[in-house]
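The values are calculated or read from the model by the stated rules, or taken from the named source; none is laboratory data. Note that the structure is predicted; figures quoted are calculated from it, not measured. Quick reminder, even Gly has a Cβ in these numbers, built from the backbone with ideal geometry, and neighbours come from all protein chains shown. In case anyone asks, the SASA skips ligands and DNA or RNA and just uses the protein heavy atoms, side chains included. Shrake-Rupley method; radii C 1.70, N 1.55, O 1.52, S 1.80 Å.
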Amino acid sequence: MKEVSVLCASGSLGLTPMHPESYWRAVEAGPDAIVADAGSGDIGPHYLGSGAEYNPREWEKHDLRLMLVAARRLGVPMIVGSAGGAGTNAAVDRVADIIREIAADEGLSGFKMAKIYAELDADDLARRAAEETIPGLGARDPLSVDHVRECSRVVAMMGVEPFLEALDAGADVIIAGRACDDALFAAVPIRAG
């Protein structure tokens, strides 16, 4: 089995701009993927509920530019999870738009971008909560219809499978909604065997 290396571009994409000097030194090592998580459990429910942006757009664009330029130069996948902090569908679309802007600015083309959404349909989730027991992770009670109706939006935490599917479909850049940090970093090594 070949050794696989994954560059963690940032512990929280866009929270504070990445340092280009140390980043480019890491890129010189030739990673097999460039990955960053953009989410945090520390930000609380406000950003998910309101859909507000967690980080300044210019900081996210700074970090995304470094990632995209290096990933395209090396010809390796670029993966961003929990886009916008909370991983809403709107945040996935916003980050994908930033990627398109950067690609135009940098003259980058010919890459395939995948967007993976994590929001659940509230009506479907409420129906399921009425028909079956959906236990919570650490919650005292199972999910109820009332719990669902109290939410402005709901995201599911995705594992590695959607990333593997996107990579298998030829994605060079993956922008995902709410995702488990481990899944982001495990996708390329798992795919490599």
Just wondering, is there one or more residues in the range 56-70 that are farther than 17 Å from residue 174 by Cα, assigned to a loop (DSSP other than H, G, I, E, B) and modelled with pLDDT under 95? yes
Working only within the range 72-87, note down all residues that are within 18 Å of residue 59 (Cβ to Cβ) and touching a strand residue (DSSP E or B) at 6+ places or on another chain (Cβ under 6 Å). 78, 80, 81, 82, 83, 87
Per the filter on the range 15-39, residues crowded, with 21+ Cβ neighbours inside 10 Å and within 17 Å of residue 59 (Cα to Cα) are 18, 35, 36, 37, 38, 39
Quick one: would you say residue 74 is under 14 Å from the mean Cα position of the chain (by Cα) and not hydroxyl-bearing (Ser, Thr, Tyr)? no
Only one of 149, 153, 127, 140 is open to solvent by 50 Å² or more (accessible area, probe 1.4 Å), at pLDDT below 90 and more than 25 Å from the chain's Cα centre (by Cα); which? 140
Which one is farthest from the chain's Cα centre (by Cα) among residues in the range 1-16 that are in a loop (DSSP other than H, G, I, E, B) and under 21 Å from residue 87 (Cβ atoms)? 16
Is it the case, given these coordinates, that residue 114 is part of a strand (DSSP E or B), of a type in the set (A, V, I, L, M, F, W, C) and touching a residue at least 40 places away in the same chain (Cβ under 8 Å)? yes
Restricting the range 99-124 to residues that are aliphatic (A, V, I, L, M) and over 30 Å from residue 72 (Cα atoms), the one most open to solvent (accessible area, probe 1.4 Å) turns out to be 120
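Please find, within the range 159-182, the residue that is surrounded by the fewest Cβ atoms within 10 Å (Cβ to Cβ) out of those that are modelled with pLDDT under 95 and under 20 Å from residue 95 (Cα atoms). Walk me through how you get there before you give the answer.
Residues of the range 159-182 modelled with pLDDT under 95: 177-182.
Subsequent filtering for residues that are under 20 Å from residue 95 (Cα atoms) retains 177-181.
Working: 177: 27, 178: 25, 179: 29, 180: 16, 181: 18.
It comes out as 180.
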Considering only residues that are within 19 Å of residue 189 (Cβ to Cβ), buried (at least 24 other Cβ atoms within 10 Å of the Cβ) and aliphatic (A, V, I, L, M), which ones fall in the range 57-86? 67, 71, 78, 79, 80
